[in-house]
Amino acid sequence: MARFQIDPQIDFLNHGSFGAVPVEVEAVQRALQAELESEPVRFMMRRLPALLETALERAARFVGTTPDGLAFVRNATAGANAVLASLDLAPGDEVLTTDHRYNAVCNAMRHVAARAGAVVNEVAIPFPLPDPGEILRRIEAALGPRTRLLVIDQITSPTALCFPVAEILAAARARGIPVLVDGAHAPGQLDLDLDTLDPDFWVGNLHKWVCAPRGTALLRVSERWRAQVHPTVISHGYGQGFHAEFSWTGTDDPTGWLAAPAAMDLHESLGGADFRAAGHTLVRDGRRTLAEALDVPLPHPDDPALYAMMATVPLDLADSVCQPLMDALLLEHHIEVPVVPFGGKAFVRISGFPAYNHPGQYERLATVLAHLRARFRSRSAP
């Protein structure tokens, strides 16, 4: 039996969007759901607290921290919303981010800032990025006396860049500015040691690269902020501490959280760091194959510190063709891969997941893109 249920007729090069749940992990969740349905009150009221504690301890080991400041949330966006909604912003305050930020999180920033009369400003980080030092220099230069929070991505969604988070945190700390690290793509792609990194706030999905059931993510809050951060849904645990508030925000299905340790165990059984390195190799070679076939320059140096198991390659097309080109790739050629807009241009973002991706898929994508680009260039004015 195949471990992943990906349609074999499709070249699935978009693991980064929603992940894929292995059959073993799905079986663990279904067993938990069966227990839940056999006696819902016993499960939710008597069994759940201890099960959650065990799952959180496993998750803490996986991301390199202790359970004290760690909580399960439904997704990284939900965790970011909890942090943003807990801020005490005033008129004229600034929330600073970059133009590589995830749109959903930026919408949350704008919503919270607008209610307080604050502003959201974006630092422009060039992409293509010939000089990676520009990331830190530009962010550092933008930090100002009205900056109340810096929101940065550990791995950016549209451009798949790994930001130098440790250096950015040091620059912000020197100015007394707290930082929210959006690590949506980090678990399962990067080696994580959150206690050493110690961001003020960090969110990360387990349902992407770790392959836990969807709706499974983590929020880590540094000790100095824990009393201030509350979930966006206030429920019975209010005022009883960080874990009590986040563990119960109303009736929901907690089995994805409880099955997450099985996904972490599977990730490590597949090789852990070696598995992640194999994914990087797939993407490294895949982006070269694409760049050569399309006769475009690679958008950043071939430095493993800059990208992990995703990479973005320019298409030399305007961003107006992104959706129709992505549709043509899937409907005409059975290739699932995102074509993303950035800075008015179109880019293709490939994922490398060694459990079901292989070099031939990137070679086929390169051939198909070279063919389709000629068709779409007539609609595009890059």
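None of the figures in this text is laboratory data; all of them are computed from the coordinates on show. Small disclaimer: the values here were computed from a predicted structure and weren't measured. Every residue, glycine among them, receives a Cβ derived from its backbone with ideal geometry; neighbour counts consider all protein chains shown.
Being in contact (Cβ under 8 Å) with a residue 40 or more places away in the chain and acidic (Asp, Glu), is that true of even one residue in the stretch 280-292?
Yes, there is a match, as at least one residue in the stretch 280-292 is in contact (Cβ under 8 Å) with a residue 40 or more places away in the chain and acidic (Asp, Glu).
Just checking, does the stretch 45-53 include any residue being touching a helix residue (DSSP H, G or I) at 6+ places or on another chain (Cβ under 7 Å), among the hydrophobic types (A, V, I, L, M, F, W, C) and assigned to a helix (DSSP H, G or I)? Reasoning before the result, please.
We begin by selecting, within the stretch 45-53, every residue touching a helix residue (DSSP H, G or I) at 6+ places or on another chain (Cβ under 7 Å); these are 51-52.
Filter once more, keeping what is among the hydrophobic types (A, V, I, L, M, F, W, C): 51-52.
With the extra rule that they be assigned to a helix (DSSP H, G or I), the set shrinks to 51-52.
Looking for residues that are touching a helix residue (DSSP H, G or I) at 6+ places or on another chain (Cβ under 7 Å), among the hydrophobic types (A, V, I, L, M, F, W, C) and assigned to a helix (DSSP H, G or I), one finds at least one in the stretch 45-53, hence yes.
Is at least one residue of the stretch 279-295 farther than 24 Å from Ile125 by Cβ, of a type in the set (A, V, I, L, M, F, W, C) and out of contact with any Gly (no Cβ under 8 Å at 6 or more places or on another chain)?
Within the stretch 279-295, one or more residues are farther than 24 Å from Ile125 by Cβ, of a type in the set (A, V, I, L, M, F, W, C) and out of contact with any Gly (no Cβ under 8 Å at 6 or more places or on another chain).
How many residues does the stretch 267-279 hold that are assigned to a helix (DSSP H, G or I) and touching a residue at least 60 places away in the same chain (Cβ under 8 Å)? I'd like the intermediate steps shown before the answer.
Taking the stretch 267-279 as the starting set, the residues that turn out to be assigned to a helix (DSSP H, G or I) are 267-269, 273-279.
So of that shortlist, the ones also touching a residue at least 60 places away in the same chain (Cβ under 8 Å) come out as 267, 273, 275-276, 278-279.
Residues that pass the stated criteria total 6.
Glu35 is checked against (1) closer than 30 Å to Val179 by Cα; (2) in contact (Cβ under 8 Å) with a residue 12 or more places away in the chain and fails just one. What number does that condition carry?
(1)
Looking at Val28 and the list (1) within 30 Å of Ile234 (Cβ to Cβ); (2) in contact (Cβ under 8 Å) with a residue 40 or more places away in the chain, which single condition is not satisfied?
Failed condition: (1).
Given the criteria touching a helix residue (DSSP H, G or I) at 6+ places or on another chain (Cβ under 8 Å) and among the small types (Gly, Ala, Ser), does Ala76 qualify? Show your work before the answer.
On the way: touching a helix residue (DSSP H, G or I) at 6+ places or on another chain (Cβ under 8 Å): yes; among the small types (Gly, Ala, Ser): yes.
Judged against the criteria, Ala76 is a match.
May I ask you to verify whether Thr251 is over 27 Å from Phe12 (Cβ atoms), out of contact with any Ser or Thr (no Cβ under 6 Å at 6 or more places or on another chain) and of a type outside the set (Lys, Arg)?
Numbers: over 27 Å from Phe12 (Cβ atoms): yes; out of contact with any Ser or Thr (no Cβ under 6 Å at 6 or more places or on another chain): yes; of a type outside the set (Lys, Arg): yes.
Answer is yes for this residue.
List the pairs whose first member sits in the stretch 1-20 and is surrounded by 14 or more Cβ atoms within 10 Å (Cβ to Cβ), whose second member is assigned to a strand (DSSP E or B) and β-branched (Val, Ile, Thr), and whose Cβ atoms are under 6 Å apart, counting only residues at least 6 apart or on separate chains?
These pairs meet every condition: Asp11/Ile335; Leu13/Ile350.
In the stretch 191-214, how many are touching an Asp or Glu at 6+ places or on another chain (Cβ under 8 Å) and more than 16 Å from Val179 (Cβ to Cβ)?
Qualifying residue count for the region: 1.
If you check Leu180 against the conditions, is it out of contact with any Phe, Trp or Tyr (no Cβ under 6 Å at 6 or more places or on another chain), part of a strand (DSSP E or B) and under 22 Å from Thr65 (Cβ atoms)? Walk me through it before giving the result.
Working: out of contact with any Phe, Trp or Tyr (no Cβ under 6 Å at 6 or more places or on another chain): no; part of a strand (DSSP E or B): yes; under 22 Å from Thr65 (Cβ atoms): yes.
Against the criterion (out of contact with any Phe, Trp or Tyr (no Cβ under 6 Å at 6 or more places or on another chain), part of a strand (DSSP E or B) and under 22 Å from Thr65 (Cβ atoms)), Leu180 does not qualify.
Can you say whether Arg42 is among the basic types (Lys, Arg), surrounded by 14 or more Cβ atoms within 10 Å (Cβ to Cβ) and part of a helix (DSSP H, G or I), as far as the supplied structure shows? Show your work before the answer.
Values: among the basic types (Lys, Arg): yes; surrounded by 14 or more Cβ atoms within 10 Å (Cβ to Cβ): no; part of a helix (DSSP H, G or I): yes.
Here the answer is no, as Arg42 does not meet what is asked.
Residue check: is Glu167 part of a helix (DSSP H, G or I) and acidic (Asp, Glu)? Steps first, please.
Working: part of a helix (DSSP H, G or I): yes; acidic (Asp, Glu): yes.
Here the answer is yes, as Glu167 does meet what is asked.
Mind counting the residues in the stretch 268-279 that are out of contact with any strand residue (DSSP E or B) (no Cβ under 9 Å at 6 or more places or on another chain) and at negative phi?
As a first pass, look at the stretch 268-279 and keep what is out of contact with any strand residue (DSSP E or B) (no Cβ under 9 Å at 6 or more places or on another chain): 268-275, 277-278.
Those still in the list that are at negative phi too: 268-270, 273-275, 277-278.
Qualifying residue count, the stretch 268-279: 8.
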